[in-house]
1. Which one of these is over 30 Å from residue 54 (Cβ atoms), surrounded by 20 or more Cβ atoms within 10 Å (Cβ to Cβ) and of a type in the set (Val, Ile, Thr): 180, 140, 101, 162?
2. Residue check: is residue 453 in a helix (DSSP H, G or I) and in contact (Cβ under 8 Å) with a residue 24 or more places away in the chain?
3. Limited to region 262-287, what total is found for residues that are in a loop (DSSP other than H, G, I, E, B) and surrounded by fewer than 15 Cβ atoms within 10 Å (Cβ to Cβ)?
4. Would you pick out the residues in region 162-216 that are among the basic types (Lys, Arg) and in contact (Cβ under 8 Å) with a residue 12 or more places away in the chain?
5. For the structure I just gave you, tell me whether residue 297 is out of contact with any strand residue (DSSP E or B) (no Cβ under 7 Å at 6 or more places or on another chain) and surrounded by fewer than 17 Cβ atoms within 10 Å (Cβ to Cβ).
6. Looking at region 137-150, I want the residues that are under 9 Å from residue 238 (Cβ atoms) and have a partner that is surrounded by fewer than 18 Cβ atoms within 10 Å (Cβ to Cβ) with Cβ atoms under 6 Å, at least 6 apart or on another chain. Which pairs are those?
7. Which numbered condition trips up residue 435, out of (1) hydrophobic (A, V, I, L, M, F, W, C); (2) buried (at least 19 other Cβ atoms within 10 Å of the Cβ); (3) touching a residue at least 12 places away in the same chain (Cβ under 8 Å); (4) closer than 26 Å to residue 216 by Cβ?
8. For region 44-131, give me every one of the helices (runs of 4 or more DSSP H) that falls completely inside it and has 3 or more residues that are under 18 Å from residue 261 (Cβ atoms) and touching a residue at least 24 places away in the same chain (Cβ under 8 Å).
Amino acid sequence: MQKNHTEKEYSSSPVETPDTRSVSDGESGMEFQVHDSSLDYKGRVPLRSSTGSWKASFFIIAIEFSERLSYFGIAANMITYMTTVMHQDLKTAANSVNIWTGVTTVTPLLGGFLADAYTGRYLVILLSALLYVMGLGLLTLTQYIPSLKPCGSSLNECDRATKVHHVVFFVAAYLVSLATGGYKPCLESFGADQFDDNHFKERKQKVSFFNWWNVSLCCGLFLGTTVIVYLQDGVGWGAAFLTLTITMVATVLVFILGRPIYRYRTPQGSPLTPMFRVLVAALLKRRLVVPSDPAFLHEAPKSEEKVQGRLLAHTNQLRFLDKAATIEYEYGVASEKKLNPWRLATVTQVEELKLVLKMVPVWLTSLIFGIGIVQTSTFFVKQAKEMDRRVFNRFEIPAASIYTLTAIGMMTSVALYDRLLLPYLRRATGNERGINILKRIGIGMVFLITAMIISALVERQRLRALHNGNIMSAFWLAPQFLIIGIGDGFSLVGMQEYFYDQVPDSM
């Protein structure tokens, strides 16, 4: 049944393609094929030599670049568009931007649910690509079709954008939000799926993948807040939106070309349902005594491992949850009536919930990190707007472009860590990651604290200068932006690697 589902998703043929491939002389089955529950586009066990790894991940990194370019190209200057083109007052414009940003932040929950429960990551990415192209295309049309322009067909300046422009602009903006909701939970995970954790070489490559993933992210951020913002301010919004549309279409086509070499994971249903069942089963059997020997707990047969994913070994933490996997007996025989998923879970399902619960403290810590990071696109940009941004007394840097220093700091730290520090740390520590993931996150947070202290000192000095009738140069903001970028290179990459590494296979 599962095989048929896979063929329906990845192959146009309803009949399974016979696997006539054979292991060549000197190659073991482990080296020749990938046995991590992934499949190729025809629903077969993937060949290691022709699927996945770097050759597949580059296609995925390309579309991530264009997504970040488009997102930051729109988000960085959206409030400027609202106030200068649509002529909204500052309060209304700020509310519009905040609501759009909030929706964009929440939509990945929907995208992740669809990918896990029904479609798989590849199809969600394709759907998101279609929505993104539609959204960017509509934004472009609002600048070139007279009836959709902010002032309609009128050639004169207007005090307020037309209702038609309002509707079309916000429809386009929220199409981009929905598309981002599909990209965010699926693109990076789909890229990481191209590397086999059971293969030493590919496991090492995946560490570098997360680093270079963030380099592409920063490249998109950098160009979005420089080239695209410059086009918006200096050439026109239409030219900027058209550039984003063409770039997105090109990278989507590149992504589709990589279809034959991707490794796919079939959707196993929502991972939240089994976890909720574990909680319910543990509560229903709260008076039961857990066996001292874990061998007496319920577990799926070893033969189902390829279907359900890797079976997890029992741990002695959060022992209360083990009640969910405790078998109920009547007269010395397992009760048939109580062998339902809401009363009896497997050890693997219990351990998956334990993994998620153990990530909560790190997740809570990341919220504090996020509060600091968000200052770069709000308060810090406002600082820049009130400072002298002229270069050589001629060219004035757009306030939103100052954000690019964060990307420069992050790209520099990731590149130096991956190429210079990582090989040395691997030899020194024996850890293929160089240093422990949590230590990497902690180092990034130290950089963030340092940046916040510097920003407070700069702001105090800016206010003093303003009180004396002087305007400080915006380049005094460079240290705080660069240090936050360096911290991102440690903490953000570390968090992505940690959460991907720790979450259950079902997620």
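1. Numbers: 180 fails: over 30 Å from residue 54 (Cβ atoms); 101 fails: surrounded by 20 or more Cβ atoms within 10 Å (Cβ to Cβ); 162 fails: surrounded by 20 or more Cβ atoms within 10 Å (Cβ to Cβ).
140 is the lone residue from the list that is over 30 Å from residue 54 (Cβ atoms), surrounded by 20 or more Cβ atoms within 10 Å (Cβ to Cβ) and of a type in the set (Val, Ile, Thr).
2. Criteria not met by residue 453.
3. Initially, region 262-287 is screened for residues in a loop (DSSP other than H, G, I, E, B), giving 262-263, 265-271, 285-287.
Remaining after also requiring surrounded by fewer than 15 Cβ atoms within 10 Å (Cβ to Cβ): 269, 286-287.
Summing the residues that are in a loop (DSSP other than H, G, I, E, B) and surrounded by fewer than 15 Cβ atoms within 10 Å (Cβ to Cβ) in region 262-287 gives 3.
4. Step one: filter region 162-216 for residues among the basic types (Lys, Arg), giving 163, 184, 201, 203-204, 206.
Listed by number, the residues that qualify are 184, 203, 204, 206.
5. Values: out of contact with any strand residue (DSSP E or B) (no Cβ under 7 Å at 6 or more places or on another chain): yes; surrounded by fewer than 17 Cβ atoms within 10 Å (Cβ to Cβ): no.
Here the answer is no, as residue 297 does not meet what is asked.
6. 143/238; 144/238
7. Unmet for residue 435, out of (1) hydrophobic (A, V, I, L, M, F, W, C); (2) buried (at least 19 other Cβ atoms within 10 Å of the Cβ); (3) touching a residue at least 12 places away in the same chain (Cβ under 8 Å); (4) closer than 26 Å to residue 216 by Cβ: (3).
8. On the way: elements: 53-75, 78-84, 90-114.
Passing ranges, in order: 53-75.
Each reported figure results from applying straightforward, stated rules to the coordinates on display, with no laboratory input. What you see is a predicted model, and the numbers here were worked out from it, not measured in a lab. We place every Cβ from the backbone using ideal geometry, glycine too, and count neighbours over all the protein chains shown.
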